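So the structure is just underneath, and the comments pick up after that.
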Amino acid sequence: LRKILILLLWPVLLLAALYVFRDSALAAIGNFLVVRDKLEPADIIFLLNGDPTVRPGHAAALLKQGMARKVVIARAEDSEGVQFGAYPNVTDTNIIMLKQLGVPEGSIVQLRPPGGVKHTKDEADALLGYTREHSIHSVIIVTSDLHSRRARFIFKKVLSGSPVRVMLAPISDRKYGADNWWKQEEGLVGCQNEYLKLVYYHLKY
């Protein structure tokens, strides 16, 4: 009977520990996805399309700190909504935000790959072409924190045959980040999707 009670007690204790330390455990799940490099001045800042409320601000701040002289962004594919004029292309929104934040128009470079970029792999391909054309040797990548591990994987994979140094400078999305993703529905979906996409990228590329 004593052995049975001990066996039954362990799961209860484990569940209790998980409950007590749930925030730390969930934060660890989110923080695994975050890659943040020690930054040094680079040739360019490459801004990934995404949340225009925070990413352009982070890129603008890095530019003002003297970390680079240009912000480069690859134009996103026009969705049906953009084609019908329902809302602007996310790249246009990012560029407007950069200008509003004080980035001179001459410091913004928009890459226009045929059809626009659809995902992070396309953005990495667009960056590779730009680095070859302009002899770029170092790049700071600005993206969301939960997206940074996957971004580092694919950018280093695509740029592996070039001398370009890649540095990640992630920032939390407006509503959630690695330390509180489970408190918002968007964060739950975002974190789950990043793990799925990370596995998918490793399998495909």
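The values are calculated or read from the model by the stated rules, or taken from the named source; none is laboratory data. Note that this is a predicted model, so its numbers are computed, not measured. Here the Cβ is made from the backbone with ideal geometry for all residues, glycine too, and neighbour counts use every protein chain on show.
Does any residue in region 132-152 that is within 30 Å of I29 (Cβ to Cβ) come within less than 8 Å, Cβ to Cβ, of a residue that is at pLDDT below 95 and acidic (D, E) six or more places away or on a different chain, and which pairs are these?
Within 8 Å, the pairs are S144/D51; S144/D173; D145/D173; L146/D173.
Inspect all residues belonging to region 173-180 and state whether any of them is small (G, A, S), closer than 23 Å to L63 by Cβ and touching a helix residue (DSSP H, G or I) at 6+ places or on another chain (Cβ under 6 Å).
Looking for residues that are small (G, A, S), closer than 23 Å to L63 by Cβ and touching a helix residue (DSSP H, G or I) at 6+ places or on another chain (Cβ under 6 Å), one finds at least one in region 173-180, hence yes.
For (1) touching a Lys or Arg at 6+ places or on another chain (Cβ under 8 Å); (2) farther than 17 Å from I44 by Cβ; (3) crowded, with 18+ Cβ neighbours inside 10 Å, each residue gets a yes or a no:
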residue	(1), (2), (3)
G129	no, no, no
H134	no, no, no
H137	yes, no, no
K157	no, yes, no
S160	no, yes, no
K175	no, yes, no
N180	no, yes, no
H202	no, yes, no
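So which residues in region 21-59 are farther than 17 Å from S144 by Cα, touching a Ser or Thr at 6+ places or on another chain (Cβ under 7 Å) and among the aliphatic types (A, V, I, L, M), if there are any at all?
Correct list: A42 only.
Being touching a Ser or Thr at 6+ places or on another chain (Cβ under 8 Å) and of a type in the set (A, V, I, L, M, F, W, C) is the filter here; which residues of region 170-185 pass it?
Answer for region 170-185, where residues must be touching a Ser or Thr at 6+ places or on another chain (Cβ under 8 Å) and of a type in the set (A, V, I, L, M, F, W, C): I171, A178.
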